[in-house]
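Novice: Sharing a structure, written as structure tokens. Questions coming.
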Amino acid sequence: MNASLPIKHTQAETDLIDRFDAAKAHLPGSQVIVGLRDSAVSQIRDKGLPHRRVEEYKYTDLRAYMKSGAPLAGPATLDEVRAILDAQDSYGDLDRYRIVIANGRFMADVSDAPALAGEGVTVTDFSEALSAETAADLLAQPTTAGLDGVLALNTAFVQGGVLLVVKEGAAVSKPVEVVHVGTGSGALVTRSKITVSKGASLRVLETFAGDTGNGEINAVFDYHVADGAKVAATRLIAGDADPARLFTTIATIGAEAEFKSLGFIAGPSFVRNQQFVNFTGEHSEAKIYGVSMARGEGVADQTLIVDHAVPHCNSREFFKTVLDDRARGVYQGRINVAPHAQKTDGEMMTQALLLSEEAEMANKPELEIFADDVICAHGATSGQMDEDLLFYLRARGIPEDEARTLLVLAFLSEAIEEYGEDDVTEGLEARVRDWLAAKN
Amino acid sequence: MPAVQETIDQVKAIDVDQYKYGFVTDIESEKGAKGLSEETVRFLSAKKNEPEWMTEWRLDALRRFKQMAEPDWARVSYPKIDFDALYYWASPKSVEGPKSLDEVDPELLATYEKLGIPLAEQEILAGVEPKNRVAVDAVFDSVSVVTTFKEELKKAGVIFCSISEALREYPDLVKKYLGSVVPVTDNYYATLNSAVFSDGSFVYIPEGVRCPMELSTYFRINEQNTGQFERTLIIADKGSYVSYLEGCTAPQRDENQLHAAVVELVALDDAEIKYSTVQNWFPGDKEGKGGIYNFVTKRGDCRGKNSKISWTQVETGSAITWKYPSCILRGDNSRGEFYSIAVSNGFQQIDSGTKMIHLGKNTSSRIISKGISAGKSSNTYRGLVSAHRKASQARNFTQCDSLLIGQDCGAHTVPYIESKNASAQFEHEATTSKISDDQMFYCLQRGLSEEEAVALIVNGFVKDVIQQLPMEFAVEAQKLISISLEGSVG
């Protein structure tokens, strides 16, 4: 194959390239960032959006899905943002701090930065940080990601985000909600870097409110978990928006640290939730959970690479998927164990429940192992609802609809409960019920 | 402590060049023109007196092949193959086909003897115990030299002959089924095979016949620089049964030898085919030099209702193994099975697995794969299980386990599980581990030596698959695994 052969651009690719030319001058960043943006756009120009011939996107053809590329959203007004925030109910009245990123830009006026400062957390505007001469590492790519197309799109267009730094030993008392707000005026492209210093702990709630019109959301969360630190990141993606919703988590985990995450997808039509987890210190643990629900023509893609580059680390991956109508679920998970990463313990499980005849599930749980003294296992199941269980419940007088709800809830709750963040369990389970109720 | 130190030392101490079957038989052989061209294909086809349609079929494949790019997705690496440096025709020089074993070149017979297939003995055995008879279609380089038991099989109506012969005697059958499971342009190496396949076995089991004996082909790659392109076609007509054994050994050579075979199985209504392979080609010397490239396309089509195809393989040889024996479960209630042991040592690279494609209703499949990697080898299981829209009530159970011996080897699992039908029920599980200290401790406590303990544990690890092999092969398979891991397992 001739690599230099120019590809024929789709409408979306043409739009994105045009968008870049139009936005280039206004996007934040120093000269070095401009260089990174240029090479990311060249990648899109040369290779196009990721498509099914790219192994990592075999089941999630972004090139075929994205029909157009809307312009980037302009700045939002405070009133618009307040109205959307008042209307959203991500976690009800859960006591939490809030950081707001509206139309891709950090909004200090509606964020709890001063209160967080009291807890040892500094909050900085990501777009300002990008103008430093040494800002390149703010856009660093995980080694396991290769030339990922979604990350390239993010680098090319990133508008802003936040930098959170939790100081050494600080245990932040309340969860911090990082909420993305869209006012319906275009694409949101953000990147945030969250550094949790030695021995500190932080709980993050990543939520999304409002909508983006015809534009995509592309959000990257880059977690740096220092030695002995603890992070729990809960990502809630709900709603019915049509444009592509692309999320990336990068986690770099030090020694004796813990990183937990839950990617919760309820309903929007095209979601790619990808995570790149890297161990850099020994005796650490990563627990990655996923709950996906999709219906209609929706696509829910959970993609994950856990890189055990050092010995003595444990990882647990547990993913649940429920599909209805003609929805498609995708799980691609890979555990890498580097040579000499002895005593690795990796356990991966993916389970899918298909509620309709036409739903589709693709599971691809991979193991790539180069060390001998390890215990790694993976499991994958897919099937329909167990009629015996349904019969059992109905025989006890529970109406069919309710019995089905109970069974789906029980199926998904396994992952939510094992995730074990009590603050959010109730809220997420309510989401599952809402999703099921919305069917009728 | 990673793996038992002693085990590691022993694995290191194993010279993979202890290859038992490394010898060259000096028989005059006739070679066709070097290089891959229309001329070569015509020469080959003419040499075999093939009908015109077959020559065209080959030429068409060659044209397609020229337009294809070599696939690079497998986890194997090797220097680029120069297809123009290969010979596409080699046959032992003999003017006429031998009438009996006496007429066969004694050196050839001696070769087989070294390999442990005493053909002469087979004839004697013939009258004794019909149940244990094995019919051997011996393939020495490219041409079937001797076929035993033909007469007996004929009585049952079974056709068991070389593909070249089948092309002459049963052209309609060949024309109907050849390329119907593995299409000409299926993949790079299958297309190459379609263009230049030299010979292979043809089996046809008529309706309602249970093949009276197990059929077997021993492949032998002998002539230097000879790519072997075997083509096997097995058709089990309605309600029939056949068990086919394939075993391979090759002499030691410095140059890499290419083997790109195609095996097609067709099972019609209620028919069953059991295909077993023990593969022990030269894996390369201790520096990883030489060794066979084994790029094989094997596929079975459960075309009829209630049909069944079962693949069992023991892979211990070859420098590179790249094969995915698959089942297309087209007929309702059909069943596919795949049992595999893949042992890699030294610098061997294995990328193998299976595909179970559920198309019909109530189809079921079962995959048991056991990979053992040692030395500096790489062992990958790559498999696909898919249920299409109409495959209601499809069932699959997959288990793939890997065992690692030593720090320098790799074991990978790449399963694709695609369900497009809600009533399809798929279960997949995979584990990777070393021999656990607990297991060792338990065995040692009971007075076993470390050697014996490892042997016991490895045998237990592969037991599920060994049990699926026909008796003759089970013994050979166990022996081969021992040779492959010599020093670390007893």
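Novice: Can you pull out the residues in region B:261-299 that are buried (at least 24 other Cβ atoms within 10 Å of the Cβ) and over 21 Å from residue B:234 (Cα atoms)?
Specialist: B:280, B:281, B:282, B:283, B:284, B:291, B:292
Novice: I would also like to ask the following. Working only within region A:71-99, note down all residues that are under 30 Å from residue A:330 (Cα atoms) and modelled with pLDDT of 90 or more.
Specialist: Listed by number, the residues that qualify are A:71, A:72, A:73.
Novice: Do you know which residues across region B:309-319 are crowded, with 24+ Cβ neighbours inside 10 Å and part of a strand (DSSP E or B)?
Specialist: B:309, B:311, B:312, B:313, B:314, B:315
Novice: Here is a further query. Looking at region A:380-392, which of the residues that are in contact with a Lys or Arg (Cβ under 9 Å, 6 or more places away or on another chain) and not small (Gly, Ala, Ser) is farthest from the other protein chains (Cβ to nearest Cβ)? Steps first, answer last, please.
Specialist: Residues of region A:380-392 in contact with a Lys or Arg (Cβ under 9 Å, 6 or more places away or on another chain): A:380, A:385, A:390.
So of that shortlist, the ones also not small (Gly, Ala, Ser) come out as A:385, A:390.
Details: A:385: 9, A:390: 14 Å.
The extreme case among them is A:390.
Novice: If you don't mind, there's one more thing I want to ask. Residues being within 26 Å of the chain's Cα centre (by Cα) and of a type in the set (Val, Ile, Thr): count how many of those fall in region B:43-79.
Specialist: Residues meeting the conditions: 1.
Novice: I would also like to ask the following. Sort through A:137, A:112 and tell me the only one that's touching a strand residue (DSSP E or B) at 6+ places or on another chain (Cβ under 6 Å) and not β-branched (Val, Ile, Thr).
Specialist: Working: A:137 fails: touching a strand residue (DSSP E or B) at 6+ places or on another chain (Cβ under 6 Å).
None of the others qualify; the one that does is A:112.
Novice: Still on this structure, please answer the following. Name the residue that is farthest from the other protein chains (Cβ to nearest Cβ), counting only residues in region A:350-368 that are hydrophobic (A, V, I, L, M, F, W, C) and not in a loop (DSSP other than H, G, I, E, B).
Specialist: Ranking the candidates gives A:353 first.
Novice: Does region A:330-342 include one or more residues that are crowded, with 21+ Cβ neighbours inside 10 Å, within 19 Å of residue B:413 (Cα to Cα), charged (D, E, K, R) and touching a Pro at 6+ places or on another chain (Cβ under 7 Å)?
Specialist: no
Novice: Just checking: which of the strands (runs of 3 or more DSSP E) contained wholly in region B:225-278 hold 2 or more residues that are modelled with pLDDT of 85 or more? Even if it seems obvious, please write down each step before you answer.
Specialist: Values: elements: B:231-236, B:241-249, B:257-259, B:262-267.
Those strands (runs of 3 or more DSSP E) span B:231-236, B:241-249, B:262-267.
Novice: Go through A:29, A:35 for me and flag whichever is over 20 Å from residue A:299 (Cα atoms), in the same structural domain as residue A:137 (by TED's automatic domain parsing), loosely packed, with under 13 Cβ neighbours inside 10 Å and not acidic (Asp, Glu).
Specialist: Of A:29, A:35, the one residue that is over 20 Å from residue A:299 (Cα atoms), in the same structural domain as residue A:137 (by TED's automatic domain parsing), loosely packed, with under 13 Cβ neighbours inside 10 Å and not acidic (Asp, Glu) is A:35.
Novice: Is it the case, given these coordinates, that residue B:261 is in contact with a Cys (Cβ under 7 Å, 6 or more places away or on another chain) and of a type outside the set (Ser, Thr, Tyr)?
Specialist: Judged against the criteria, residue B:261 is not a match.
Novice: Still on this model: In this structure, is residue A:41 within 23 Å of residue A:270 (Cα to Cα), part of a helix (DSSP H, G or I) and assigned by TED's automatic domain parsing to the domain that holds residue A:213?
Specialist: Considered against the rule, which asks whether it is within 23 Å of residue A:270 (Cα to Cα), part of a helix (DSSP H, G or I) and assigned by TED's automatic domain parsing to the domain that holds residue A:213, residue A:41 comes out as yes.
Novice: Scan A:402, A:360, A:387, A:347 and give me the residue that is surrounded by fewer than 21 Cβ atoms within 10 Å (Cβ to Cβ) and within 19 Å of residue A:319 (Cα to Cα). Outline the logic, then answer.
Specialist: Values: A:402 fails: within 19 Å of residue A:319 (Cα to Cα); A:360 fails: surrounded by fewer than 21 Cβ atoms within 10 Å (Cβ to Cβ); A:387 fails: within 19 Å of residue A:319 (Cα to Cα).
The unique qualifying residue is A:347.
Novice: Another question, if that's okay. Which condition does residue A:346 not pass, out of (1) more than 19 Å from residue A:261 (Cα to Cα); (2) part of a strand (DSSP E or B), if it passes all the others?
Specialist: Condition (1) is where residue A:346 drops out.
Novice: Is it fair to say residue A:137 is under 28 Å from residue A:83 (Cβ atoms) and among the acidic types (Asp, Glu)?
Specialist: On the way: under 28 Å from residue A:83 (Cβ atoms): no; among the acidic types (Asp, Glu): yes.
In short, no.
Novice: Would you pick out the residues in region B:361-377 that are assigned to a strand (DSSP E or B) and at pLDDT 90 or above? Show your work before the answer.
Specialist: We begin by selecting, within region B:361-377, every residue assigned to a strand (DSSP E or B); these are B:364-373.
Within region B:361-377, B:364, B:365, B:366, B:367, B:368, B:369, B:370, B:371 meet the criteria.
Novice: Considering only region A:226-241, how many residues are part of a strand (DSSP E or B) and in contact (Cβ under 8 Å) with a residue 40 or more places away in the chain?
Specialist: We begin by selecting, within region A:226-241, every residue part of a strand (DSSP E or B); these are A:230-238.
With in contact (Cβ under 8 Å) with a residue 40 or more places away in the chain added as a condition, the list becomes A:232, A:234, A:236, A:238.
So the answer is 4.
Novice: Just give me the residues in region B:392-445 being over 17 Å from residue B:381 (Cβ atoms) and hydroxyl-bearing (Ser, Thr, Tyr), in sequence order.
Specialist: Correct list: B:392, B:419, B:423, B:436, B:442.
Novice: Which of the residues that make up region A:145-178 are surrounded by fewer than 17 Cβ atoms within 10 Å (Cβ to Cβ) and hydroxyl-bearing (Ser, Thr, Tyr)?
Specialist: A:173
Novice: Is it true that residue B:346 is in a loop (DSSP other than H, G, I, E, B), within 10 Å of another protein chain (Cβ to nearest Cβ) and at pLDDT below 90?
Specialist: No, not satisfied.
Novice: Out of region B:167-195, which residues are under 19 Å from the mean Cα position of the chain (by Cα) and assigned to a helix (DSSP H, G or I)?
Specialist: Once the filter is applied, which keeps residues that are under 19 Å from the mean Cα position of the chain (by Cα) and assigned to a helix (DSSP H, G or I), region B:167-195 yields B:188, B:189, B:190, B:191, B:192, B:193, B:194.
Novice: What residue, of A:371, A:377, is within 14 Å of another protein chain (Cβ to nearest Cβ), within 30 Å of residue B:344 (Cα to Cα) and in contact with a His (Cβ under 9 Å, 6 or more places away or on another chain)?
Specialist: After applying the criteria, what remains is A:371.
Novice: Next question, about the same structure. Looking at (1) at pLDDT below 95; (2) surrounded by fewer than 21 Cβ atoms within 10 Å (Cβ to Cβ), can you tell me which one residue A:183 breaks?
Specialist: For residue A:183, the failing item is (2).
Novice: Now for a separate question. Pull up region B:429-470, narrow it to residues that are at pLDDT 85 or above and polar (S, T, N, Q), then point me to the one that is farthest from residue B:312 (Cα to Cα).
Specialist: Checked region B:429-470; the qualifying residue farthest from residue B:312 (Cα to Cα) is B:445.
Novice: How many residues does region B:43-59 contain that are among the basic types (Lys, Arg) and more than 14 Å from residue B:178 (Cα to Cα)?
Specialist: 2
The values are calculated or read from the model by the stated rules, or taken from the named source; none is laboratory data. Everything quoted here is computed from the prediction, not taken from an experiment. Note: ideal-geometry Cβ built from the backbone for every residue, glycine included; neighbour counts use all protein chains shown.
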